[in-house]
1. In region B:180-214, what count of residues is obtained for those that are crowded, with 22+ Cβ neighbours inside 10 Å and part of a strand (DSSP E or B)?
2. Do you know which residues across region B:237-254 are under 23 Å from A:Gly648 (Cα atoms) and either buried (at least 23 other Cβ atoms within 10 Å of the Cβ) or among the charged types (D, E, K, R) (or both)?
3. A:Val169: surrounded by fewer than 24 Cβ atoms within 10 Å (Cβ to Cβ), under 18 Å from the mean Cα position of the chain (by Cα), touching a residue at least 24 places away in the same chain (Cβ under 8 Å) and more than 14 Å from chain B (Cβ to nearest Cβ), yes or no?
4. Quick test for you: out of B:Leu168, B:Leu177, pick the one residue that is under 22 Å from B:Pro135 (Cβ atoms) and out of contact with any Pro (no Cβ under 8 Å at 6 or more places or on another chain).
5. Can you pull out every residue in region A:555-582 that is more than 16 Å from A:Gly484 (Cα to Cα) and hydroxyl-bearing (Ser, Thr, Tyr)?
6. From B:Arg207, B:Arg230, grab the single residue that is within 14 Å of another protein chain (Cβ to nearest Cβ) and either under 22 Å from B:Ile93 (Cβ atoms) or in contact (Cβ under 8 Å) with a residue 40 or more places away in the chain (or both).
7. In a loop (DSSP other than H, G, I, E, B) and either crowded, with 19+ Cβ neighbours inside 10 Å or more than 26 Å from the chain's Cα centre (by Cα) (or both), is that true of A:Tyr420?
Amino acid sequence: MVNLRDDELSRIAQRLNREPTLVELHAFDAAWSEHCSYKSSRRFLRGLPTTGSRVVLGPGEDAGILHLGTHEGERYGIVVAHESHNHPSQVVPFEGAATGIGGIVRDVLCMGAEVIAVADALRFGTDRDNIARGVVDGVGSYGNAIGVPNLAGDVYFETGFDENVLVNVVALGVVKESEIIHSYVPKDGAGWQIVLVGKATDPSGFGGASFSSLTLDARDAELNKGAVQVPDPFFKNVLMRASYRVFATLRELRIPAAFKDLGAGGIVGCSSEITAHGGYGATIDLDAVNVAVDGMPPEVIAVGETQERLIWALPPEIVPEILRIYNDEFTLPEVAYNACATVIGKVTEAPRYMLRYRGNVVMDVESNFLAGSVYDELPYTETIRHQSADDLAAVDVAELLPRVLAHRDVCSREPLYRRYDAVVRGATVLARGAADAGVLAPVPGSLLGVALAVAGNPRYGKIDAKYAAQQAVVEAMRRVVAVGARPIGLTDCLNFGNPRKPEQFGEFVAAIDGLALASTALDLPFVSGNVSLYNETSVGEAVPGSAIVACVGAIEDIGRVVTPGLKTPASALLWIGSRELTAGGSVLGELLGIDGSLPAIDYDGERAAAGIVAEAIARRVVRACRVVSDGGMLTAIARLAFDAMLAGRCVGAELDFGNPFCETGGFVCEIEETSWIDLTGVLRVGSTIAQSDLVVNGSRFGVAELYRVWSQPLQELYP
Amino acid sequence: MSARIAVPVFPGTNSEGETVRLLRDCGGDAELVHWSRADTLHNYDAFVLPGGFAYEDRVRAGAIAAHDRAMDAVIEAAVRGKLVLGICNGAQILLEAGLVPGTGSLRRPTAAFTRNGPVPHFVCRHVYMKLRIAPARCAVTASLPEGAVVPAWAAHAEGRLAATPEHLREILGGDHLAFVYAHADGRVDEAAVPNGSAFGCAGLVNRMGNVLAIMPHPERDGRNFTHLDRCEGENVLAPSGGAVLFRSFVEALS
């Protein structure tokens, strides 16, 4: 099935001056799919800020790179990539999610980096337990096997995702900035050889890019299963380690190279981009491709999306050594059937992309025409959502606290993430769940740390996509600040509905607007990202608009991160940041049936609050800190009390506050009693106490009992 | 010349980097030995088998690796009394190789670390393992105090000790139960066990006391920065916590 439109088909025929071959049709189908070409979204993505002093490499290659810091005179960069694997995960949850991790890991690997962490942002429906389980097991099984810790993530459950889950994945890598490998052939690259490395090409994943650019129709789900790729984390484990060895060899011999993941569009997609982006063409011999089954049609070999493959472009003199490393030293042919590294073509000066198969030329197009620009100027409409502003009556804290803590968006995620390896590599400082952001030490022997958090609240997304996008940036930033890191950059994945429906496309456009606003105001650039459209149900409704944002933070001294849980009785508990009493989009609003107004976003206030917290952490007066997020300030304090209890410390909290469930943002900090007086813009909400209790407006709760309430709900789904 | 420690890497191993680094930082002369160099394993004096999923955990975790030629050298060394420590997948391999508990014959296992219970899922959880044998019973633990409690991370889907009742009796009778899961204060109860393991077993030792197989990873809680709340001294990069077991391993070689 080819999904090119009539006008696209005639444009191709016109440019070629002939009818396209079957291989060309499939190649253009992949290259011009929304998934690969960003044809309807690109004009808006240009509005995102992508530059800054920390940006080593902005969007455009397989991953972005941010400057982390310097150790022993070497500058280190953090490579970050962010993608969705939504449609595959709906159809075959385990494999769909696993290949999501597999793909994002290759995007980071191919920059010459060592992969150090993954993260997952999951949006599930409320009635598809098999999907919610399959996705988590897929994410876990892949990351666990390749030995990359899961550092951060979040999960929300909304009926709007019943028929279209969102599986967003992030990966981090570390690389010396002097040793980055790019995804395009550099100058003087004509005559280089193109080496395909990885699993034998098979018929799996044929039509994947095109499939991801369609509305998922339940009736076609069975048919589309063939478009989902098959994950092989065991093979990937070996492939990654072999590639690290290749990196070392290239560095030692100072040999330039280009390296790129085979994702959407398979061999054609990858080999055309790696050459075209350097201004070259390529000649590829499909007969040289190692295949898993005989008799595959050339279009399947050419654009099929078999997993665990990458492409190198290399100067010919180094090729034998690289093949030796993959095939002999790391024995790829013994690790998976017919897997290997093999030369499949060469880089040509002339910018034409040619495929040969059994002596015939089956594809011959201008490189730029294939990999270059297709545009869809789709119309969009702006939707102004209804905004009521119900008054918030005083709430009954004693009645609400257990309900808030047990809410599906607030309760403990541990049953889910304990299926993920959080600590492989032995570099984890704050594991997932221990704090608002995960922290690890990426450079052995160095005090440098990197923090990672994701955010994107679909309860806001249901109300106002632009607002939700802004909040996603703000919250991801806060989370990184709360552990003591300096936020240095962002990635985004925009998960929206059908761009051919103006009102749904309007949400997407509004969300980019929101991201740009927040990014500019907070001076945090986007260095990579991804767009996933056509996320809608069988009756044509879009999923809750989901701009999911990841924030990377830099830490100079991992010994200074804020550790989990309340520390000592008789400290002050402070709320730092915006404190509007609104219920719009909050868990409280949902529980009370209030359609309240959304808290205003005040960027000056956000910067100031983050600055106060960062300074207090730097002065080492912050004993504990959490962001105010789902479930509000009291939830944040309860979680600090839980962590204290789990660490065996008998510390609780006592506070008086009219409505402690509002989710207006900011931070709660435990600070030494004498050390907070000179902090401006803070509100003292209570104190820590020497009992393992929470005392709120005179009502007393045992921390252990609240912990039971909070930790139970997801254990049924993830036993 | 100091004793040379090999950290063998099988296809699918994933914890080799942190294992070799921590061994070195604990004073060990350790190096990775890749599967393509398995024939050089005879040149080493001690072995630490790291975690991962060797050969994709096909059949049973560790079952294929136990028959790998790399294990020929490890088995030969173990029989001759050289020190061998297996962690997680490394432990599974040692059981499959029949070295631990060692109550049967080689490559005819009498016990296995198998599918977790009661829920058969991967579990990643911070744990403590308590030394249940006299420290000198096992060369690797000889410099630990009696009843030592070692912090570590359990991270496995197949860590439940299982064997026939007869073989389980042999494990107890032969004093093979080296480590059990415990709480930080050394209390032992079911809540401390992450995987339904028989006897709450976290580690087994062979009869001679030179081969130790442990399921949890001490190297993942092996530096001050992995447990800032329990920081020992000023240097956050320094080995501490679970590194105590690696130190003991290195000391046993000197």
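The values are calculated or read from the model by the stated rules, or taken from the named source; none is laboratory data. What you see is a predicted model; the values in this text were computed from it and never measured. So basically every Cβ, Gly included, is an ideal-geometry build from the backbone, and we count neighbours across all protein chains shown.
1. Result for region B:180-214: 11.
2. So in region B:237-254, the residues under 23 Å from A:Gly648 (Cα atoms) come out as B:240-244.
Within region B:237-254, B:Gly242, B:Ala243 qualify.
3. Details: surrounded by fewer than 24 Cβ atoms within 10 Å (Cβ to Cβ): no; under 18 Å from the mean Cα position of the chain (by Cα): yes; touching a residue at least 24 places away in the same chain (Cβ under 8 Å): yes; more than 14 Å from chain B (Cβ to nearest Cβ): yes.
Judged against the criteria, A:Val169 is not a match.
4. Numbers: B:Leu168 fails: under 22 Å from B:Pro135 (Cβ atoms).
Only one candidate qualifies: B:Leu177.
5. A:Thr568, A:Ser571, A:Ser578, A:Thr582 - these are the residues of region A:555-582 that are more than 16 Å from A:Gly484 (Cα to Cα) and hydroxyl-bearing (Ser, Thr, Tyr).
6. Numbers: B:Arg207 fails: within 14 Å of another protein chain (Cβ to nearest Cβ).
Answer to the check: B:Arg230.
7. Values: in a loop (DSSP other than H, G, I, E, B): yes; either crowded, with 19+ Cβ neighbours inside 10 Å or more than 26 Å from the chain's Cα centre (by Cα) (or both): yes.
In short, yes.
Results for (1) farther than 30 Å from A:Leu448 by Cβ; (2) in a helix (DSSP H, G or I); (3) within 14 Å of another protein chain (Cβ to nearest Cβ), shown as yes or no for each residue.
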residue	(1), (2), (3)
B:Leu168	yes, yes, no
B:Ala178	yes, no, no
B:Val236	no, no, yes
B:Phe249	no, yes, no
